[in-house]
Amino acid sequence: MKITGYPDVPVSFPQHGADGYRRRDRISYGGNEAGSAFPFSGSALFPTPGIPAAGAGEPETMHPYLQVFFSHPARTLSMDPLPAFVITLTLITLVSLRYRISPFFTLICGALFFGLISGMTPDATMLGIIAGVGRVFSAFGIIILCGAVIAKLLQEQHQIEEIVSDIRHYVKNPPVIAGLSGYLLSVPITCCITAYIMLNPIFDSIERDRTKRNTLLYLAAVGGIISYALVYPTPVVIPLYDAFSNGMSPLLFDAVSIPLSLLVLGGVLLYSRFVHTAAGIPEREVQPARHQETMTGAPVLNEGIHWRAWAPFIAILAAIPLAVLFLHLSHSSMINAVMLVGAVAAIALAPPAVRGPGLSQGAKHAGMIIFDICGAGALGFVIVKSGFAQTALGQLTLLIPVILVPFILAALIETAQGSRVVTAVITAEVLAGTAVAGAIHPLPLILLISAGSCMVSYVTDPFFWLVQRTTGDDIGTVVKNYTLPVALAGVAIFIAALGLEYLVFR
């Protein structure tokens, strides 16, 4: 084919696959191969409009100026995926800090930007975004909706206060109450931020002193993050387990992760005690009151266990053996089924006056969470389809040990956008099926990613700003009492993962 009026400059294009995507392992211009300029492997596939699938290698002609332009393939066709990834994360960080808009839009725009600069066509990029959103919605939609509905129905009936009151029967130390409350509520509610918001007014009734109350809020936040990042099934652990479990039982995973998470929580409580003892803030024991008014005006009666408040969680636990032993559900089906059972129990026990508002508010809250996670699915899916895993991960393994790649990748993604769930979804998409994932046992691999998601909980983390607003403390104080304990928890999880990989599974 010739371009009218242009001198003949032969250009040959590589073979096309049956799917119409161009393999960019070899492209020659004017007879000179430029394949070495591309770091992509031959398996990286990208659509190229305007180039016929048939007759590959047919000579074409090009104007000399165009020949000069195309003689720099990295400039004209795509950017190396590793710098493209870094630039995308940087832009997501800057936009998040500057505009504070919904993560869904920043992540979708980040996916579009990454796809285009990494060589994908607009159509292929948009199709990847759509596919990524759909995959994540199908995985998390029911789980998060059920958790949000349970949370709102309990909140409307002041049953969270009753749960905390029950904990106070057995635990007299306010910091331990705070840490355990956040830890326990984050798993069935499927959101550590929601658990924190629900606990906030309750701690006002436990501790009137502002400094001591803020200590409880920090511990509730950190305790919620610890269980949220480690215990199956939470939205952080589910995508990691689905991507890397390789037949490993969820019971085996929790047999390791739950004791580990409780040890980490204990370490955080000791850290808090040391910090506040050094600051001259004494601790006191809380004696269970016979009758106490909360900030919401609802009485909390500390006589006996409030079984009705615990009913949705009991229903979830009771449904697990039924789903596994009698219905023979897979773990994905089982998690969705037991969450539905818990939501149905909460709806059935709620008074009619509470049921409607609780369902409406729960659905609204769930929608915000789900769409943010779907944005992460879009970005992760586009990154995978760009060939990032085949090239950038190979480059990283030349610079750092393989065992560090999942940890560092998760820490970078967490730093860029702040959400642990988003970090888990994107990291799972990027690493699934790669040599890096195959080189590490599934259990330590999941722990490494969870550890990385805890390392930098700073200005891009929406939880950071929520804690800052509710405590009223300056940023330095929030860093000392929230960011640093979460990072120390991440370090502890990282060390545990290394120990399991090298001492147990090798």
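The values are calculated or read from the model by the stated rules, or taken from the named source; none is laboratory data. Quantities reported herein were computed from a predicted structural model and do not represent experimental measurements. With ideal geometry, Cβ positions are generated from the backbone for all residues, glycine too; neighbour counts draw on all protein chains shown.
Things to note:
- Residue ID - surrounded by the fewest Cβ atoms within 10 Å (Cβ to Cβ), chosen from residues in the stretch 196-212 that are of a type in the set (D, E, K, R) and touching a residue at least 12 places away in the same chain (Cβ under 8 Å): R210
- Within the stretch 250-278, the set of residues being hydrophobic (A, V, I, L, M, F, W, C), within 20 Å of V338 (Cα to Cα) and buried (at least 17 other Cβ atoms within 10 Å of the Cβ) comprises F253 only.
- In the stretch 223-249, residue surrounded by the most Cβ atoms within 10 Å (Cβ to Cβ) [restricted to those that are among the hydroxyl-bearing types (S, T, Y) and within 21 Å of A489 (Cβ to Cβ)]: Y228
- Among residues of the stretch 171-194 being more than 26 Å from the chain's Cα centre (by Cα) and closer than 15 Å to S205 by Cβ, the one that is surrounded by the most Cβ atoms within 10 Å (Cβ to Cβ) is I177.
- Annotation for the stretch 96-106: at least one member residue is farther than 30 Å from L359 by Cβ and touching a helix residue (DSSP H, G or I) at 6+ places or on another chain (Cβ under 6 Å).
One line per residue, one yes/no per condition, for (1) of a type in the set (F, W, Y); (2) at pLDDT 95 or above; (3) outside the structural domain of I495 (by TED's automatic domain parsing); (4) over 22 Å from F505 (Cα atoms):
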residue: P201; (1), (2), (3), (4): no, no, no, yes
residue: E207; (1), (2), (3), (4): no, no, no, yes
residue: G223; (1), (2), (3), (4): no, yes, no, yes
residue: P235; (1), (2), (3), (4): no, no, no, yes
residue: L251; (1), (2), (3), (4): no, no, no, no
residue: L265; (1), (2), (3), (4): no, yes, no, yes
residue: E285; (1), (2), (3), (4): no, no, no, yes
residue: Q292; (1), (2), (3), (4): no, no, no, yes
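- Y218 being in a helix (DSSP H, G or I) and in contact (Cβ under 8 Å) with a residue 24 or more places away in the chain: yes
- Beta carbons closer than 6 Å, at least 6 apart along the sequence or on distinct chains, never pair a first residue in the stretch 390-413 that is on the phi > 0 side of the Ramachandran plot with a second that is outside any helix (DSSP H, G or I).
- A Cβ distance below 7 Å, combined with a sequence gap of six or more or placement on separate chains, defines the contacts here; from the stretch 314-327, residues that are without any contact (Cβ under 8 Å) to a residue 24 or more places away in the chain reach residues that are assigned to a loop (DSSP other than H, G, I, E, B) in the pairs A323/L329.
- Residue among L145, L153, L180 that alone is over 22 Å from L340 (Cα atoms), at pLDDT 90 or above and among the hydrophobic types (A, V, I, L, M, F, W, C): L180
- F114 meets each of the listed conditions (1) surrounded by fewer than 24 Cβ atoms within 10 Å (Cβ to Cβ); (2) not assigned by TED's automatic domain parsing to the domain that holds T427 apart from (1).
- Cβ pairs under 7 Å, 6+ apart, first in the stretch 438-465 and of a type in the set (K, R), second assigned to a loop (DSSP other than H, G, I, E, B): none
- Some residue of the stretch 148-170 being part of a helix (DSSP H, G or I), touching a Cys at 6+ places or on another chain (Cβ under 9 Å) and surrounded by 24 or more Cβ atoms within 10 Å (Cβ to Cβ): yes
- Residue within the stretch 123-132 that is assigned to a helix (DSSP H, G or I) and of a type in the set (S, T, N, Q) present: yes
- Residues satisfying the stated conditions in the stretch 389-410, i.e. out of contact with any Leu (no Cβ under 8 Å at 6 or more places or on another chain) and crowded, with 24+ Cβ neighbours inside 10 Å: none
- Pick from the stretch 447-506, criterion surrounded by fewer than 24 Cβ atoms within 10 Å (Cβ to Cβ) and aromatic (F, W, Y), ranking: modelled with the highest pLDDT: F494
- Filter result (buried (at least 20 other Cβ atoms within 10 Å of the Cβ) and touching a Leu at 6+ places or on another chain (Cβ under 8 Å)) within the stretch 418-444: V422, A424, I426, T427, A428, V430, L431, V436, A437, I440, L443, P444
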